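Read-outs: derived from the displayed coordinates by stated rules, not from any lab. Note that the structure is a prediction, hence the values are computed from the model and not measured. All Cβ positions, glycine included, derive from the backbone under ideal geometry; neighbour counts span all protein chains shown.
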Amino acid sequence: MLIIVVTISTFVVLFTTIMRRHSFPLVLSAMNVANLLHVSCIVLYIAIMGGLASRDVRLLFLNERIMRWMHQLPVNLYHLGYLTSVSRLMVPCFLVMTALALSMNRYIRDQRRKIYLFAVAPTLLLALLYYPDIYKWMIYRQIHMLSLLVRCSFAWIVAELLVSLGILLYEYYEISIPVFRKNFLYILIAIVSQMLVYLIFATKDPAQIYNLFITEYLNLGISNYISPSLSSTGWDILILLVIVGALIGAWGIVRYEHFQYSEEREYAVLEKQFSAADMGISVFAHSMKNQILSAQVLHKRMRRELRKDKPDLRQLKDYEEEMARLNDSMKAHIDEYYATINSKHLILALTNAREVADAAISKFYEKYPGVSIRRDFQTGNRVLVDFSLFSEAIYNLLVNACEATAGIEGPARISLTIRAERMWVVFAVTDNGIGVPDKMRRKIFQPFLTSKSKDSSWGMGLFYTNRIVRQHMGHLRMESKSGEGSTFMILLPALTAGRKPEMRAAGKKEGN
C-alpha cells in the first residue's frame, strides 16, 4: 500500500518533468525516485525478514501473498543495504537542490554553487563509506567507527533537511502576490508529503541490513526496520497521514502543472486573438464607419437647423459638442490601433523604475488633472524597458483605475506602488472602484472586451497593455473583488546588480 502511494506520487512528478523540462521538476523527480527506491528497499527487507503483525502486513503489502512473493526473491542483502544507504542519503541532497531551484532570493542564487557543494560532497563521502567492502573493512578494523558513521550520517541528513526547510519557508513568506503564493503552496504540499514518507524510516540506519546482530550496533539504541518504535496505533496513524499526505501532494503537483499549462494556453490563445486583431482591419473599418455615419447624421441636422430663418443656437451648440466628441473618439481609436501595430517593435534601454512610473503619472495628469494618485515607490531598481511603450502600459492601467472609480460613492483612491518581489520588480496599480465582475475575470485581457459603450471604448486597453508587458518578458496579474476594487500588477525581471545587460533592440520603431 505504502509503495503504491509513493509510486503514484513519483509518476505524477515525472509526468510534470516531461511536460515542463526545467530544473525544478527535474530535481523534484530525482528526489521522488530516490525516496521511492529508499522505501522499496526497506519494504523488501522487511518482507525478507518477516515477523510483522497482520495489520502491518496490510499497510505495507496490501495482503500476505505479496509479502510471501517478495520474501522468496533472491536478493543479496549487501546490495540491498547499499541501495538503501545511498537512497537514504540522496533524498535530502535532492531536497536541497529542489529548494535552490525554487528560490529566487538573490543572495541564495548567488551562493548556489557553494550550497550545492555543501549538499553533494558530504553525501558522496558518506555513500562511499557505506559501500559494503569499505564499510566492513572500516568497522572490523575500528569498531568505534560504527557509532561515528551512524551519528554523522544522521546529523548530516538533519542538517540538509533544516537548510531546505529554511529556504522553502523563507521563500514562501517572501511571496506577497496571492496567485504565486498559492502556486508555491501546492509545491510545498507535494514536498512535505514525500518527507513524511521519508522520515518514517530515515531515523533508522541502513547499516543494520549488513550487520543487524552485531552487539555494538544493538548497543547504539537504534530501532530496526522490523520493530518500529511506535505503538500499533501510532504506526497506523503515521501510515494514514503518509498516505493522505502523498495523495494531497500528488494532487498539488497536478494543480501546479494545470496552473502553468492553463497560463501558457491562455497566452497562446491571446496571441492568436491578437494576430486576428492585427488582421482585423474590417472590424476597425466597420467601427469607424458607424461613427462616421453618426457624424453625417449630425451634419445633416446642423444643415437643416442652419437653413431655418431663426436657427436654435442652443441646439446647434449641442450638435457641435456631439460632433467634437465623435471626432475625439475616432482619433483615439485611430491612435490606439496605430499603437497596437507599432507595439511589435521595441527599443530597450536601462531605466530607473521610478522614472518610467513618473512619466506615466505625468501623462495621466494631462488627461485627468483633478485626480490624485498616491505614490509608494519602495525601490529604485533599474529595469530594461522601451521607455515610451512601458510608460504607456502603466498609463493605461492608471486610466483603467480612474474609470473604475468614476461611479463610486465617496472619494476615489488610486495608488501606484513599485516594490521588489523576489526576482521581479512589481508595478502595482490599485483602486477602490467597482472591481471586475466574476464573469469577466478569466477573459479580462481579451481584445474588444469592455463593459462600457462601444462608442467610447473598444476594449483594447488591457489587451494592449498585456502585450507590451509580455514583450518585456514580464507578466500582468490581476486581483479583484467586486465592489471593493482591483489591483493590476506588472512583474518585470529584476536586473542582478553588477551585471551589464545586453542592450539589444527587439526591432526599430517606425516613424510617425
### Summary
Each label sits 7 Å from Cα toward the beta-carbon; between Arg301 and Arg325 the label points are separated, in nm, by 1.0 nm
### Distant-in-sequence amide H partners of Ala349 (H built 1.01 Å from N, under 5 Å)
Val385, Asp386, Phe387
### Task
For an R0 of 35 angstrom, estimate the FRET efficiency from the Cβ-Cβ distance between Ala349 and Glu174 and round to the nearest 0.05.
0.75
### Query
How long is the gain from Arg470 to Leu188 if the chain were fully straight, where each residue apart is worth 0.36 nm and the alpha carbon distance is subtracted?
98.7 nm
### Query
Taking θ as phi - 60°, what are the ³J(HN,Hα) couplings along the range 73-81 by the Karplus curve (6.51, -1.76, 1.60), each to the nearest whole Hz, with x for Gly and Pro?
5, x, 10, 7, 5, 5, 5, 5, x
### Query
Between Leu316 and Val371, what is the label-to-label distance in nm when each label sits 7 Å out along the Cα-to-Cβ direction?
3.5 nm
### Query
Do the alpha carbons of any pairs in Lys114/Lys136; Lys331/Lys363; Lys182/Lys363; Lys182/Lys439; Lys114/Lys182; Lys136/Lys204 sit beyond 24 Å of each other, and which pairs?
Lys114/Lys136; Lys182/Lys363; Lys114/Lys182
### Query
How far, in nm, would the chain grow between Val120 and Asn76 when pulled straight, counting 0.36 nm per residue and subtracting the alpha carbon separation?
13.1 nm
### Task
Please work out how much length the chain gains when fully extended from Asp110 to Met145, using 0.36 nm per residue of separation minus the C-alpha to C-alpha distance, in nm with one decimal.
8.9 nm
#### Entry: Cβ crowding within 10 Å averaged over residues, with 304-311, 322-329, 403-410 ranked highest first
322-329, 403-410, 304-311
### Task
Please work out whether the range 77-151 counts as rounded, prolate or oblate from its C-alpha gyration tensor, where a ≥ b ≥ c are the square roots of the eigenvalues and a/c under 1.5 means rounded, while otherwise a/b larger than b/c means prolate and anything else oblate?
prolate
### Task
Could you compute the FRET efficiency for Lys363 and Lys481, with r as their C-beta to C-beta distance and R0 at 35 Å, rounded to 0.05?
0.80
#### Entry: Relative packing of 156-162, 188-194, 133-139, which averages over residues the other C-beta atoms within 10 Å, highest first
188-194, 156-162, 133-139
### Summary
Given 480-492, 142-154, 381-393, the highest-first ranking by average Cβ count within 10 Å works out to 381-393, 480-492, 142-154
